[in-house]
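The values are calculated or read from the model by the stated rules, or taken from the named source; none is laboratory data. Treat the numbers as computed from the prediction; the structure is a model and nothing was measured. We place every Cβ from the backbone using ideal geometry, glycine too, and count neighbours over all the protein chains shown.
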Amino acid sequence: MLFVLGEYRITGRRAAEIADSVERGVGSGALPPGHTLPALRDLAGRLGVNPNTVAAAYRTLRERGIVETAGRRGTRVRSRPASAPRQAMRSDVPHGARDLANGNPDPALLPPLDAALAEAAAHYARRPTLYGDPAVDEELATQARSAFDADGVPGGPVAVTSGSLDAVERVLAAHLRPGDAVAVEDPGWAGILDLAPALGLRMVPVRVDDEGPVPGDVEQALVRGARALAVTSRAQNPTGAAVGPARARALRGLLAAHPDTLLIEDDHGHGIVDAPFHTLAGTTARWAVLRSSAKSHGPDLRVAVVTGDALTLDRLRGRQALGPGWVSLLLQRAVAHLWREHAVDPRTVAGSYGRRRTGLLAELTRRGVTCHGKSGMNVWVPVPDETAAVAALQRAGWAVAPGARFRVATPPAIRVTVSGIDVGELPTLADAVATALRPAEARRFG
């Protein structure tokens, strides 16, 4: 069966066949970005299949990042195809607008690197790193293991990767193969939502509330055969969710019933949040916990520490040895110096981000705007129309991130990163957000 869309023919009887046909059209350019696909019943009727079959095909395409649902405007090809990272799904920041979209830390809260790099260089002068040397700096590994121990993370070896996403990719590749399913947070980190399809993995979206992944969704994902679960423990990007003790107990119970699940815990908020870390590790045979220095000490350091079960870490390090080999020992020693000298005070950093985040939440709530942001540096605001909200805020001088970068099946929203704003500017920003969402109501506010 086939359906002609312009000059392109959508074919297939099964959901997978229909999805593959659409994806081929997108890849060839026959279905250009922004092109609206046929309504479910229309396409089903023309192909002679059940509408549920077409719905399943469209769902698969959304999970792959090929299409997006635009409410009453139907399903359309994403403005950026799946081969382009979700991070590229951003509008240009107009001249003079404030950039609250990039997700970067506040440069004023990053430590100076002079002494750390000088110490690393001095060590190099005494003994340059050569082939065959250990891939992990001993001091950094000791410090990392001590911090993991303090937070109740089970014992395990330590590896170092070039940032969080590098760690996630290596852990997934250590156990999963193309076609396997991985449960991902929805909304969740754009990096993982790009990475999973790139590895040939099927994403099973799990809704997120302020306490983290919703247990019912996690259970359904595991029952449906998800072989891995990726969780952001605190400062979840983009919602700011933080897993509390009750949610941790519920999730640990679910994982204990599925001990073969690969668990990946991303604690990128380590060093910038004051919410306690409630680990889920130790309930499954295969697991990994990772912490990056990007938000606390600067993205350009490209250092993340990873611990996990012995098999997972052995496979990670073995594959790493066949690629880059190791993360620069100069950078590792610089991070070790920063940790040893307490170059970043987590309480100070968390307090600074917290005042801005909670201040914006309060201002938005006063204006009747629903918003989320329990920890970290982001505030998540549900909106009726992302494109309209982003455009309206740009006209008002504020650049924010469209939620499409972080969503699979959850409703539209925008992400506001508070690291680039002062507390005194929060009322003005909140007014602009309220106006962008509900212009008539905003004019009556006050």
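Of (1) part of a helix (DSSP H, G or I); (2) surrounded by 15 or more Cβ atoms within 10 Å (Cβ to Cβ), Trp326 satisfies all except one. Which? For Trp326, the failing item is (1). Condition first: within 17 Å of the chain's Cα centre (by Cα) and more than 12 Å from Thr161 (Cα to Cα). Now tell me which residues in segment 297-317 satisfy that. Result: Pro299, single match.
Based on what the data block shows, is Gly212 modelled with pLDDT of 95 or more and either surrounded by 24 or more Cβ atoms within 10 Å (Cβ to Cβ) or closer than 22 Å to His268 by Cα (or both)?
Values: modelled with pLDDT of 95 or more: yes; either surrounded by 24 or more Cβ atoms within 10 Å (Cβ to Cβ) or closer than 22 Å to His268 by Cα (or both): yes.
Here the answer is yes, as Gly212 does meet what is asked.
Consider segment 2-31 and keep the residues that are outside any strand (DSSP E or B) and exposed (fewer than 13 other Cβ atoms within 10 Å of the Cβ). The one that is modelled with the lowest pLDDT is Gly6. Checked across segment 175-189, the condition of being over 20 Å from Gly225 (Cα atoms) and surrounded by fewer than 21 Cβ atoms within 10 Å (Cβ to Cβ) holds for no residue.
Could you tell me which residue of segment 373-392 is farthest from the chain's Cα centre (by Cα), considering only residues that are buried (at least 21 other Cβ atoms within 10 Å of the Cβ) and not hydrophobic (A, V, I, L, M, F, W, C)?
Per the stated criteria, the residue is Glu386.
Considering Val136, Val160, the condition of being assigned to a strand (DSSP E or B) and either modelled with pLDDT of 95 or more or assigned by TED's automatic domain parsing to the domain that holds Val379 (or both) is satisfied by Val160 alone. Residues in segment 121-158 that are touching a residue at least 12 places away in the same chain (Cβ under 8 Å) and of a type in the set (Asp, Glu): Asp133, Asp137, Glu139, Asp151.
For the residues Ala401, Ala409, Ala350, the requirement of being in contact (Cβ under 8 Å) with a residue 12 or more places away in the chain, aliphatic (A, V, I, L, M) and farther than 18 Å from Asn104 by Cβ singles out Ala409. Being more than 19 Å from Val182 (Cα to Cα) and within 21 Å of the chain's Cα centre (by Cα) narrows it down to one residue among Ala221, Ala275, Ala281; which is it? Only one candidate qualifies: Ala275.
Every residue, every condition in (1) more than 20 Å from Ser164 (Cβ to Cβ); (2) more than 14 Å from the chain's Cα centre (by Cα); (3) part of a loop (DSSP other than H, G, I, E, B); (4) outside the structural domain of Asp151 (by TED's automatic domain parsing), yes or no:
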site: Val206; (1), (2), (3), (4): no, no, no, no
site: Ala230; (1), (2), (3), (4): no, no, no, no
site: Pro238; (1), (2), (3), (4): no, no, yes, no
site: Val243; (1), (2), (3), (4): no, yes, yes, no
site: Ala250; (1), (2), (3), (4): yes, yes, no, no
site: Pro259; (1), (2), (3), (4): yes, yes, yes, no
site: Gly269; (1), (2), (3), (4): no, no, yes, no
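Scanning segment 303-323 for residues that are out of contact with any Phe, Trp or Tyr (no Cβ under 9 Å at 6 or more places or on another chain) and either crowded, with 22+ Cβ neighbours inside 10 Å or assigned to a loop (DSSP other than H, G, I, E, B) (or both) gives Val303, Ala304, Val306, Leu316, Leu322, Gly323. Remark: pairs (first residue in segment 373-397, more than 18 Å from Arg207 (Cβ to Cβ) and at pLDDT 95 or above; second residue of a type in the set (Ser, Thr, Tyr) and in a strand (DSSP E or B); Cβ separation under 6 Å; 6+ apart in sequence or on different chains) = Met377/Thr417. Check segment 77-86 and report whether any residue there is closer than 25 Å to Ser296 by Cβ and either modelled with pLDDT under 70 or under 22 Å from the mean Cα position of the chain (by Cα) (or both). Yes: one or more hits.
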